[in-house]
Amino acid sequence: MIQIYEPQNIEAKWQKVWTETGAFRTPTANEWHDRPKYYVLDMFPYPSGEGLHVGHPKGYTATDIIARMRRMQGYNVLHPMGWDAFGLPAERAADRYNMHPAAITKRNIDTFRRSLQRMGFSYDWAREINTSAPDYYQWTQWIFKKLFKKGLAYMADVPVNWCPALGTVLSNEEVQDGKYVETGDPVERRLMRQWMLKITAYADRLLSDLDELDWPESLKEMQRNWIGKSVGATIRFHIQNSEARFEVFTTRPDTLFGATYCVLAPEHPLVKQITTPAQQAAVEAYVQQSINRSDLDRTAQQEKTGVFTGAYAINPATEQPIPIWVADYVLVSYGEGAIMGVPGHDERDYEFAQKFGLPIITVVDGGQSSVAEAAYTDEGMAVNSAFLNGLHTVEAKERMTQWLEETGKGRQQIQYRLRDWLFSRQRYWGEPFPIVHLEDGSTVAVPDAELPVLLPDIDDRTPQSFDKPPLSRADAEWLMVTLPDGRVGLRETNTMPQWAGSCWYYLRFVDPHNTQAPWGAAEEAYWMPVDLYVGGAEHAVLHLLYARFWHKVLYDCGLVTTKEPFQQLFNQGMIGAYSYRNRAGKYFHRDNVIAQDDAWVVRATGEPVATQLEKMSKSKLNVYNLDDIIAEYGADSLRLYELFIGPISASTPWNMDGIDGVQRFLHKVWRLIIDADTGAVNSQINAGLSMQGTELERPLHKTIKGVTESIESIDKMNTAVSRMMEFINTASQYAADANAQIPSGIIKAFVRLLAPFAPHLAEELWARLGEQQLVSLAAWPQYDEELVQDEMIQVPIQINGRLRDVMTVAAGTDNKTLESLALSNQKVVRHLNGDAVKRVIVVPGKLVNIIH
């Protein structure tokens, strides 16, 4: 029998037991009974080739502890894991290694699964899903058909970020300074016919339903800003000496009298039409320069640029001509692709007007300085605005909007920053669309019986031209389709984006082996919504917004019973590591540097290096490999340290000294319970001794309360580890007396507390204590409210807010008794010196303040 704590032997043993017994199998319908349910979900990972480092399991560890505690509390728990496996990174990796994307994805998934299983996470692996598997993407295609049928999926010619080197469209977030952020490959703006999803049809609901969710307020605000609801007016401007006109949207129609110029986006269709011959060369050069920059890049730039078109628009309020400029800070994708410039009351317009010498007029009074010095953007009283003069901004907006509608020069309107979702990619490794293009130019969905539309196996997966994605080179048998009614057409050859599979995977987990439907109605009704969803803040907007959109569509189709998929959301912080880099930008591994005179230098040469805390990355040589740490310290030590390092939400540095300390704690737990000479239970642990009234009873109940509350908080699990350490210190000090006896009930209760955090060690100790059932399935310990109160507490006594004495009283002493004891205190009597007491303020158990 093992006599010392050897995590490598213990952990492999209990992982095998859990697998063989199906310990974490999700209860099925006939096992639900009347028990509460708890669905706890991690944002599933993309299985990259780099594998897992110690920063990855932080959130997984937190959800596992909650899942384990909920099982022990009697909940039916659904805690699954799967893989977000489609997408460009896998395809690029396959090209580098000359492998098929399916093969490299399988290899990476096997690596990830092995590492997660070594961590002892209590996932129900029987429910594992893979978004690139045909039996999964069959239902992704099925859901797309629902969107198509409802008119929410359509094709349109849209400006996109096209990367010729990669042969695909990139999102705005992936482009900076006209280049793909990961590779530096040039990116062009092109007009392409693409599949779009009409997410804007759900903008209002996506916005209003945020109020019902238990999400961090900062994250909800990010979604609100992304959706960007704006209430204002659309105003019509006519081109001077022309039949042409354009519209602008503004949230400040009350400032129309202050509009001294207009700006069109470089892509606006009127630019070519209205530009004068004298300005044509300058405008064309500027447009060409602008269109290759992403929307994000253009709006983020500090310095305003632009070119005058030579044309003028008529301000509908003043009926005066104002110049029309082209500038790339105006986006064709937002509003009408045109703005009215009101430099007196908008900061961007002010910067533009200052640079190009355009007039600045005050039309809202209230600023501390002249608009010649800075734009005044707050509300105030309308001035220099004819019929608006004297009205406050709120009233002026309403009056101007009314005037625009009465005169036919505009209308009230609600706009959203949110744009329809560009949903097609020109790559191989993605879900094929279940769409056929017919000879007459129309598009139809394939019948459900023909799903899945399988991804064809083609030899050359590299993109070759702008309009010929890889699937266009599939054989005729795949490309040519004859529908059941005899019509003939060509399959869609674009693929869906990586987001598609992650939009609904949480639903597949509730019924992953269903071959007749994506999920069963009874399973969805029971398990949904997800009770707790944990992942990184980098998914705060796009993934969560897209998943919420799809869920609402499914709700409208009557396919799900909840309006929202994720009731509670939590973002874990990042575990980073220090990197070491010389002036030339070269990184050095931590083993190749050394501290010297309060600085870091290269060990071999003495060359100074700068150190900084960064995200772990192989390129920065600052990765701590997960498997290496488990091999040296054990998974239980790693799990505990991931939590002990700080609050779950905090970003913290990895420190090897810290994991050493956590492992010492686990050794201390082992030594308290197991005899070092025999490997049997320590003789001081007495199975026949009652817990009641013993010295460790009260500390145990306080520990149970503290650990339970810390887990419930999610963010404060580090304090749960501290509480357990404190208890073991107390118990070890008590056991230092060779004659001391510890009731086995106290030890067993502690082992159950430890089980979610260090499950392998807890199982081993639980079995050695004579228990037959797995501790993972034992009942969670309960605490007695009376026993968590301190027996005696100290209560300060103040007179007029100044401390005069401290009295020791029994915990739970009522307010009347506290007041009486304070007033009879000798020091208080002496300080009062017979003065009348006006009032006594008692803060129960905390303070007595006497006012005289």
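Can you find even one residue in the stretch 138-152 that is open to solvent by 10 Å² or more (accessible area, probe 1.4 Å), in contact (Cβ under 8 Å) with a residue 12 or more places away in the chain and assigned to a strand (DSSP E or B)? No, the stretch 138-152 has no match at all. Selection of the stretch 739-761 for residues being free of Cβ contacts under 8 Å to residues at least 24 places away in the same chain and outside any helix (DSSP H, G or I) yields only 739. Residues being open to solvent by 20 Å² or more (accessible area, probe 1.4 Å), outside any loop (DSSP other than H, G, I, E, B) and of a type in the set (Val, Ile, Thr): count how many of those fall in the stretch 1-26. Residues meeting the conditions: 3. Among the candidates 115, 122, which residue alone is among the polar types (S, T, N, Q), in contact with a helix residue (DSSP H, G or I) (Cβ under 8 Å, 6 or more places away or on another chain) and in a loop (DSSP other than H, G, I, E, B)? Selected residue: 122, the only one of 115, 122 that is among the polar types (S, T, N, Q), in contact with a helix residue (DSSP H, G or I) (Cβ under 8 Å, 6 or more places away or on another chain) and in a loop (DSSP other than H, G, I, E, B).
Residues are listed down the side, and each one gets a yes or a no for (1) at pLDDT 95 or above; (2) among the polar types (S, T, N, Q); (3) touching a His at 6+ places or on another chain (Cβ under 7 Å); (4) closer than 25 Å to residue 187 by Cβ:
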{"site": "434", "(1), (2), (3), (4)": "yes, no, no, no"}
{"site": "439", "(1), (2), (3), (4)": "no, no, no, no"}
{"site": "444", "(1), (2), (3), (4)": "yes, no, no, no"}
{"site": "447", "(1), (2), (3), (4)": "yes, no, no, no"}
{"site": "454", "(1), (2), (3), (4)": "yes, no, no, no"}
{"site": "457", "(1), (2), (3), (4)": "no, no, no, no"}
{"site": "460", "(1), (2), (3), (4)": "no, no, no, yes"}
{"site": "466", "(1), (2), (3), (4)": "no, no, no, yes"}
{"site": "469", "(1), (2), (3), (4)": "no, no, no, yes"}
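Name every residue in the stretch 653-681 that is modelled with pLDDT under 95 and open to solvent by 30 Å² or more (accessible area, probe 1.4 Å), in order of residue number. Correct list: 653, 655, 656, 657, 660, 675, 676, 677, 678, 680.
Picking from 405, 373, which residue would you name as being without any contact (Cβ under 8 Å) to a residue 60 or more places away in the chain, open to solvent by 40 Å² or more (accessible area, probe 1.4 Å) and within 25 Å of residue 244 (Cα to Cα)? Spell out how you get there, then give the answer.
Numbers: 373 fails: within 25 Å of residue 244 (Cα to Cα).
That would be 405, the only listed residue that is without any contact (Cβ under 8 Å) to a residue 60 or more places away in the chain, open to solvent by 40 Å² or more (accessible area, probe 1.4 Å) and within 25 Å of residue 244 (Cα to Cα).
For the stretch 777-805, filtered to residues that are of a type outside the set (A, V, I, L, M, F, W, C) and part of a strand (DSSP E or B), the residue that is most open to solvent (accessible area, probe 1.4 Å) is 802.
So in the stretch 469-498, with the set limited to residues that are in contact (Cβ under 8 Å) with a residue 24 or more places away in the chain and in a strand (DSSP E or B), which one is surrounded by the most Cβ atoms within 10 Å (Cβ to Cβ)? Result: 495. Quick check on the stretch 806-852: of everything there that is free of Cβ contacts under 8 Å to residues at least 12 places away in the same chain and of a type in the set (Gly, Ala, Ser), which residue is surrounded by the fewest Cβ atoms within 10 Å (Cβ to Cβ)? Only one residue tops the list, namely 834.
Okay, residues lined up against (1) under 26 Å from the mean Cα position of the chain (by Cα); (2) modelled with pLDDT under 95:
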{"residue": "6", "(1), (2)": "no, yes"}
{"residue": "16", "(1), (2)": "no, no"}
{"residue": "36", "(1), (2)": "no, no"}
{"residue": "40", "(1), (2)": "yes, no"}
{"residue": "63", "(1), (2)": "yes, no"}
{"residue": "69", "(1), (2)": "yes, no"}
{"residue": "81", "(1), (2)": "yes, no"}
{"residue": "111", "(1), (2)": "yes, yes"}
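Every residue, every condition in (1) β-branched (Val, Ile, Thr); (2) in the same structural domain as residue 545 (by TED's automatic domain parsing); (3) within 27 Å of residue 44 (Cα to Cα); (4) in contact with a Cys (Cβ under 9 Å, 6 or more places away or on another chain), yes or no:
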position	(1), (2), (3), (4)
566	no, yes, yes, no
582	no, no, no, no
585	no, no, no, no
603	no, no, no, no
606	no, no, no, no
611	yes, no, no, no
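In the stretch 195-205, the count of residues that are in contact with a strand residue (DSSP E or B) (Cβ under 6 Å, 6 or more places away or on another chain), open to solvent by less than 20 Å² (accessible area, probe 1.4 Å) and either in the same structural domain as residue 556 (by TED's automatic domain parsing) or within 30 Å of residue 393 (Cβ to Cβ) (or both) is one or more.
What residue, among those in the stretch 638-675 that are over 33 Å from the mean Cα position of the chain (by Cα) and of a type in the set (Lys, Arg), is farthest from residue 709 (Cα to Cα)? Looking at the filtered set, the residue picked out is 671.
Once the stretch 27-61 is narrowed to residues that are open to solvent by 10 Å² or more (accessible area, probe 1.4 Å) and assigned to a strand (DSSP E or B), the residue that is farthest from residue 653 (Cα to Cα) is 37. Do the conditions hold for residue 694, that is, is it modelled with pLDDT under 95 and of a type in the set (Val, Ile, Thr)? So residue 694 fits the description; yes.
Collect the residues in the stretch 645-681 that are part of a helix (DSSP H, G or I) and either among the charged types (D, E, K, R) or not assigned by TED's automatic domain parsing to the domain that holds residue 764 (or both), keeping them in residue-number order.
In the first step, residues of the stretch 645-681 are kept if they are part of a helix (DSSP H, G or I); the result is 656-673.
Within the stretch 645-681, 657, 660, 664, 668, 671 meet the criteria.
Quick one: is residue 650 among the small types (Gly, Ala, Ser) and open to solvent by less than 40 Å² (accessible area, probe 1.4 Å)? Answer is yes for this residue. For the stretch 722-763, the set of residues classified as surrounded by 22 or more Cβ atoms within 10 Å (Cβ to Cβ) and farther than 22 Å from residue 784 by Cβ consists of 757, 758, 759, 760, 761, 762, 763, listed by residue number.
Say whether the condition of being free of Cβ contacts under 8 Å to residues at least 60 places away in the same chain, open to solvent by 20 Å² or more (accessible area, probe 1.4 Å) and either in a loop (DSSP other than H, G, I, E, B) or within 28 Å of residue 403 (Cβ to Cβ) (or both) is met by at least one residue in the stretch 254-271. Yes, the stretch 254-271 has at least one match. Restricting to the stretch 380-394, and then to whatever is within 40 Å of the chain's Cα centre (by Cα) and without any contact (Cβ under 8 Å) to a residue 40 or more places away in the chain, can you tell me which residue is surrounded by the fewest Cβ atoms within 10 Å (Cβ to Cβ)? Top of the filtered list is 394. Can you find, within the stretch 622-637, the residue that is nearest to the chain's Cα centre (by Cα) among those that are crowded, with 20+ Cβ neighbours inside 10 Å and of a type outside the set (A, V, I, L, M)? Within the stretch 622-637, the match that is nearest to the chain's Cα centre (by Cα) is 622. Against the condition hydrophobic (A, V, I, L, M, F, W, C) and more than 30 Å from residue 224 (Cα to Cα), how does residue 429 come out, does it pass? Criteria met by residue 429. The residue that is farthest from the chain's Cα centre (by Cα), counting only those in the stretch 216-250 that are without any contact (Cβ under 8 Å) to a residue 60 or more places away in the chain and open to solvent by less than 60 Å² (accessible area, probe 1.4 Å), is 244. Do we have residue 189 as among the charged types (D, E, K, R), more than 24 Å from the chain's Cα centre (by Cα) and not assigned by TED's automatic domain parsing to the domain that holds residue 460 here? So residue 189 does not fit the description; no. Under the condition of being of a type in the set (D, E, K, R) and within 16 Å of residue 655 (Cβ to Cβ), the residues counted in the stretch 572-590 number 1.
The values are calculated or read from the model by the stated rules, or taken from the named source; none is laboratory data. On a predicted model such as this, the values are computed, not experimentally measured, just so you know. Note that each Cβ is placed from the backbone with ideal geometry, even for glycine, and that neighbours are counted across all protein chains shown. For the accessible areas, the whole protein counts, side chains as well, though only heavy atoms, and no ligand, DNA or RNA atoms are used. Shrake-Rupley method; radii C 1.70, N 1.55, O 1.52, S 1.80 Å.
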